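Notes follow once the structure below has been shown.
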Amino acid sequence: MTVLEKAFSVEEGVPILVPPSATPADLSLARELLAELSDRYGMALRIDRTATLPSGPFILMGTASNPLVGQYLSAHTSAAPPRKSEAYSLRSGPDAVVVAGNDEAGAFYGMQSVRQLIAKDRGHVRISGAEVDDWPHLPFRAIRLYLPGHENIAFFKRFLRDFMALYKFNKVVMEVNASMRLDRHPELNAGWIDFAKDLYYTQRYNPRGPRGTDQNSAHHDTADGEILEKDEVADLVSYANAQHIEVIPEIPTFTHSYYLLTRHKDLGAITGAEWPDVYDPTKPEIYKLVFDVLDEYIEVMKPKMIHFGHDEMFFPVELCPACQSRDTALLYADDVRKIHDYLTAKGIKTAIYGDHLIESVRGVHQRPMKSKTGWEYNIPGALTPQQVKDLIPKDILIFNWFWHDVRAAEGRGEPNDVKLQEFGFEQVHANFMPNIQNYARRTARPGVIGGMPAAWAATNEYTFGKDMMMDFLGTINLMWSTHWPEQDPLSKTTQSLMPEIRRRLGSRPVPSEDGDPVQPVDIGRAINSPAAGSVAKASLALDVTALTAGALREGPRRFEVSAQGAVVVGVSGESKTPLPAQSEAIPIAFDVSSIVFLHASAKAANNDMSYRYIHNFPDTADLLGWYEVVYEDGFVDTVPIRFGWNILPVTWGKQSDVVAKGNAKELSYAYAAAAVPCGDATLFSYEWVNPRFGKVVREVRLHGSEGFRDTKGKPTPNNAIVLAAISVVKKRPVPPPDATAGGR
């Protein structure tokens, strides 16, 4: 990529060109870019059908088979796309923006790069000048997630179009369980709802097994515990395909099979289990059930590949009647072959998780376990290398989630990549994270075709935003590019992208982005910067004087940091803090569209993964406090302050501190906030959108939490919240009547 000095100015007379005989792909590219410019930047361009290139400025996108693109390439031979799958060339300058794809996918990804290059500055929309020749490093670039529930379908579509496609992911592996209407087995839908409600209301992550054992994780938040109709699922697949994203259904079999057994407990491998999670493969009836379910999903989703699970055989071998007469490895291998052969006969490729193919991961033969009640038992181990070679078809794609070097003592790491290669499998790094070591060497290994970061909680903005953005963004950079910067922490890059990503994925527009002035509010009445003694007594390293007084700007948002100090309240966790628990009231007295808070915590807190607390996602992020918004009519709304969602510490971004403290939380990110440097500290701006337009907000108070306990039941450490400034976006004034207009 070469960055050019002059940009392309987007004006409303600029055409997006298509040939008279435009293909559906040509029109789709033009319409998607037109929608982007209209809906996000207020520019109403038109699609022009023409047989020749105009002399004036224009936008053109397509493959070399597009006659207009062919004309452009004839005159600009240096703009020919690389001859690689999914490759494109992009030329953006003052006269034209042209994307030439080597294939339809390449043209589509070139258009995504154009989307990334659009910027609006002081009312002017520009596409940055650049010459780009681009293609992916790896062909399989996936995200693994759950089928969304009804309330999150709109978010999921935004996620497909405005995140996955934008950043050039091309696969989504979607676990479905019994969350689609199954006409042949309606009992599975009814049982799935019973199962999900039971775990939700008993606040459990997984069911309890016999004699106090822990069963497999339940994944009961698939589709938010609901049932989608077939046309809804088909629509999601169609929408993904239009974004050049292949949908690979993940339909667990053998293990993680709760959804198959809720109303067929007699087919479980463990007699009398509360909610069986492993089926008995020696019972022929199970395959009638499995194949019926597979067929219904195949009819609706029309997949090229199905992932059928087969990970984590954790059941007690001693309580499995089928295991008394047969080797569990042979039961496993027979089941894999039956499902593989059934799908292969239908022309469908297959994939599984590969942990039970590696003895260093799952143990030799059997592995001892001990329940919380003290019962000692055995769980199945891995297949022997010879069994893998003889019994497992080598055209199965293996999802390798045991690649992680840091936990190599548990049998993971690069040697496991090598074993899968030696067996003859293609593999994908699953549960993929950007901290993989020796990636250049490992990704060059034959058979390594891509990666897949994985979300293991319900598909919604909160869980994805809070937990997954660093993994999603870091790994797509590894999979698409071969430029892997090491000099800056990934968290800084991730945090810098959060405002733009949040604008695309959020369900409501942010008023400060829509052109109205952002006006600072005087918080002087509540300023109470504590003395050094009280801060020391609270066991906090907090220096409010490190904040630089004066004007600050973050995008369109303006703040005024007072020379008098800041508002500070204590967060009482493990003990009572000497700092005040709440602030004085800060007057607002306006009908506001939004309030923007500029704040930070004194130190890092906890932000657990959402799947740790499925019955209560919000509280996986420590509740440090809240803003109390009081309206003129006395109604009170509260704005939670959650660590890792809308606040991070004042010391964020100081890598030397992190290394010294060994605290990776200092280098995390906050999805709902933007980082704002302020002197020697970092503050975070968080914009709360008023849910009651037309009602005057009288005042705001800041409260610190007291006694909050995390997902493990432990009280959060004492902390403090620093509020450095508040700004507001007031109600937009109605323009005065046009004196020249007629009226009655």
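Which FRET efficiency value, to the nearest 0.05, is calculated for HIS365 and PHE291 with the Förster distance at 22 angstrom and r the Cβ-Cβ distance?
Step by step, r from the Cβ atoms, then E = 0.15.
Over the chain, what is the relative contact order in percent, taking alpha-carbon pairs closer than 8 angstrom and at least six residues apart?
That works out to 10 percent.
Round to the nearest 0.05 the FRET efficiency obtained for THR77 and LYS6 when R0 = 25 Å and r is the Cβ-Cβ distance.
Working: r = 22 Å, r/R0 = 0.86.
E between THR77 and LYS6, to the nearest 0.05, is 0.70.
Hey, what did region 2-134 get for relative contact order, percent, Cα under 8 Å, at least 6 apart?
Result for region 2-134 is 30 percent.
Ratio of alpha-carbon Rg to the 2.2 N^0.38 Å globular estimate for region 2-134, to two decimals, please.
Normalised Rg, Cα atoms only: 0.94.
For a quick protection proxy, order the peptides 86-97, 539-550, 726-737 by their average other-Cβ count within 10 Å, most packed first.
86-97, 539-550, 726-737
Mind scanning LYS265/LYS394; LYS283/LYS394; LYS171/LYS302 and naming the pairs with a C-alpha gap bigger than 22 Å?
LYS265/LYS394; LYS283/LYS394
Net charge within 12 Å of LEU29 by Cβ-Cβ distance, Lys/Arg positive one each and Asp/Glu negative one each, not counting LEU29 itself?
-2
By how many nm would the segment from SER85 to ARG504 grow when fully extended, if each residue of separation counts as 0.36 nm and the alpha-carbon distance is taken off?
The span from SER85 to ARG504 would gain 148.0 nm if fully extended.
Go through the cysteines of the chain and tell me which have no other cysteine Cβ under 4.7 Å away.
Singleton cysteines: CYS678.
Starting from the Cα of LYS197, draw a straight line to each of the aspartates and glutamates and keep only those under 12 Å, dropping any in the same chain fewer than 8 residues away.
Within the straight-line cut-off, LYS197 pairs with ASP221, ASP224, GLU226.
Taking the Cβ of ASP619 as the center, what net charge do the other residues with Cβ under 12 Å away carry, scoring Lys and Arg +1 and Asp and Glu -1?
+2
Please turn the phi angles of region 439-448 into ³J(HN,Hα) values with the Karplus equation 6.51 cos²θ - 1.76 cosθ + 1.60 (θ = phi - 60°), one per residue in order, whole Hz, x for glycine and proline.
5, 4, 6, 5, 6, 7, 5, x, x, 7
Can you give the Rg to Rh ratio of region 511-730, both from alpha-carbon atoms, with Rh computed by the Kirkwood formula?
Details: Rg = 16.6 Å, Rh = 17.5 Å.
Computed over Cα atoms, the ratio is 0.95.
Under the rule of at least 5 residues apart or a separate chain, name every residue whose amide H is placed under 5 Å from the amide H of HIS404.
Residues meeting the criterion, in which the H sits 1.01 Å from N, are GLY413.
Which value results for Rg/Rh of region 10-72 when Rg is the Cα radius of gyration and Rh the Kirkwood radius based on the inverse mean 1/r?
Here the Rg-to-Rh quotient is 0.95.
Using just the helices of the chain, give the 222 nm mean residue ellipticity in deg cm²/dmol: DSSP H runs with n ≥ 4 each add -39,500 (n - 2.57), and the total is spread over all residues, rounded to 500.
Taken over the chain, the calculation gives -7500 deg cm²/dmol.
Between (i) 0.96; (ii) 0.99; (iii) 1.09, which matches Rg/Rh (Cα atoms, Kirkwood Rh) calculated for the structure shown?
(ii)
Kindly write out, for region 516-527 in residue order, the coupling ³J(HN,Hα) from the Karplus curve 6.51 cos²θ - 1.76 cosθ + 1.60 (θ = phi - 60°), rounded to whole Hz, with x marking Gly and Pro.
After applying 6.51 cos²θ - 1.76 cosθ + 1.60, I find 7, x, 9, 10, x, 10, 6, 9, x, 4, 9, 4 Hz.
Going by average Cβ neighbours within 10 Å, how do the peptides 122-135, 306-319, 328-341 rank, with the highest at the top?
Listed from highest to lowest mean packing, they are 306-319, 328-341, 122-135.
Relative contact order of region 96-198, please, whole-number percent, based on alpha carbon pairs below 8 angstrom and at least 6 residues apart.
23
What is the antiparallel percent of DSSP beta bridges lying wholly in region 511-730, to the nearest 5?
95
Translational D (Stokes-Einstein, µm²/s) of region 140-484 at 10 °C and 1.306 mPa s when Rh comes from the Kirkwood sum over C-alpha pairs? Provide the component values of the computation, followed by the final result.
Numbers: Rh = 20.5 Å.
It diffuses with D of about 78 µm²/s by this estimate.
Which of the lysines could a cross-linker bridge to LYS492, judged by Cα under 24 Å and excluding same-chain residues fewer than eight apart?
Of all the lysines, those that pass the test against LYS492 - Cα under 24 Å, at least 8 places apart if same chain - are LYS120, LYS168, LYS466, LYS603, LYS654, LYS661, LYS665.
Can you give me the long-range amide H partners of ALA581? Hydrogens built in the peptide plane at 1.01 Å from N, cutoff under 5 Å, separation of 5 or more residues or another chain.
GLY570
Short version: ³J(HN,Hα) in whole Hz for each residue of region 205-220, in order, from phi by Karplus 6.51 cos²θ - 1.76 cosθ + 1.60 (θ = phi - 60°), x for Gly and Pro, what are they?
Working through the residues one at a time gives 7, 8, x, 8, x, x, 6, x, 7, 9, 7, 4, 4, 8, 6, 6 Hz.
Quick one: go through region 109-151 and flag any residue whose amide nitrogen is under 16 Å from the point 7 Å out along the Cα-to-Cβ line of ASP235.
Only 148-151 fall inside the zone, counting backbone N under 16 Å.
Report, for the chain, the % of DSSP beta bridges that are antiparallel, rounded to 5.
Details: 80 of 125 bridges.
That works out to approximately 65 percent antiparallel.
Each reported figure results from applying straightforward, stated rules to the coordinates on display, with no laboratory input. Keep in mind it's a predicted model, so treat the numbers as computed, not measured. A quick note on method: Cβ atoms are made from the backbone with ideal geometry, for glycine too, and the neighbour counts reach across all protein chains shown.
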